[in-house]
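Notes to accompany the following structure.
The values are calculated or read from the model by the stated rules, or taken from the named source; none is laboratory data. Predicted model only: the values in this text are computed from it and were never measured. All Cβ positions, glycine included, derive from the backbone under ideal geometry; neighbour counts span all protein chains shown. Ligands, DNA and RNA are excluded from the accessible area calculation, which covers all protein heavy atoms including side chains. Shrake-Rupley method; radii C 1.70, N 1.55, O 1.52, S 1.80 Å.
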Amino acid sequence: MSRETRRDIVLVVTLCLVSAVGMASVFWGCRFLAWIAIAISDLYLLIVLLFAALRAEDDAFLDRHPWITHFFPRKTAGILVVTLLLLTILSGFAGLYVGGKVFPAVKTPLDALYTSFFILGFTDYSPKPGYGQLVVIGELVSGVLLAAAVFPMHISRISTFKSR
């Protein structure tokens, strides 16, 4: 097995565990687990954005810091990474929505996943003032971060085909 393959496997397994934590937060109603999943996924996205910017600005940066490549999956693994990040963010915020602290009506796990998916799509929902509004704003920020970091970078990596 090549070094790149092992690196991709480690990244995918790590994100699988984080998305499992996010899904567990939905069905267990554990807000602490939800915040952990959200924080890890957003931190990963911020790191990828930062390192991508550093790599774009300085051609020799990667030669000086080769460990940075561990954060960037190859093309095929990238599809799974994008899917897992989306699942982690959706389920993490759905874990915060279960119960009645964010929205006026109590949300079941399925209601919370449904609401989380549509808020990420920037639909207008009415959260409770204070904590509820902060959680919804947090999901919007995570959604923008996901759209700004993962999708364009992954599309650009896929579009750089090797010529025969």
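Return the residues of segment 119-147 that are hydrophobic (A, V, I, L, M, F, W, C), modelled with pLDDT under 75 and open to solvent by 30 Å² or more (accessible area, probe 1.4 Å); say none if nothing qualifies.
122
Rundown of residues vs (1) of a type in the set (Val, Ile, Thr); (2) over 18 Å from residue 142 (Cβ atoms), yes/no style:
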{"position": "11", "(1), (2)": "no, yes"}
{"position": "15", "(1), (2)": "no, no"}
{"position": "18", "(1), (2)": "yes, no"}
{"position": "27", "(1), (2)": "no, yes"}
{"position": "30", "(1), (2)": "no, yes"}
{"position": "33", "(1), (2)": "no, no"}
{"position": "48", "(1), (2)": "yes, no"}
{"position": "58", "(1), (2)": "no, yes"}
{"position": "70", "(1), (2)": "no, yes"}
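Find all pairs meeting these conditions: Cβ atoms under 8 angstrom apart; at least six residues apart or on different chains; first residue within segment 1-19 and at negative phi and exposed (fewer than 14 other Cβ atoms within 10 Å of the Cβ); second residue outside any helix (DSSP H, G or I) and not aromatic (Phe, Trp, Tyr).
Sorted first by the residue in segment 1-19, then by its partner, the pairs are 4/74.
Return only the number of the condition from (1) within 29 Å of residue 131 (Cα to Cα); (2) among the hydrophobic types (A, V, I, L, M, F, W, C); (3) surrounded by 14 or more Cβ atoms within 10 Å (Cβ to Cβ) that residue 52 does not satisfy.
Status for residue 52: all satisfied but (1).
If you check 91, 116, which single one turns out to be in contact with a Gly (Cβ under 7 Å, 6 or more places away or on another chain) and either on the phi > 0 side of the Ramachandran plot or assigned to a helix (DSSP H, G or I) (or both)?
91
Take segment 55-81 and flag every residue that is under 15 Å from the mean Cα position of the chain (by Cα), open to solvent by 20 Å² or more (accessible area, probe 1.4 Å) and among the β-branched types (Val, Ile, Thr).
Of everything in segment 55-81, just one residue is under 15 Å from the mean Cα position of the chain (by Cα), open to solvent by 20 Å² or more (accessible area, probe 1.4 Å) and among the β-branched types (Val, Ile, Thr), namely 79.
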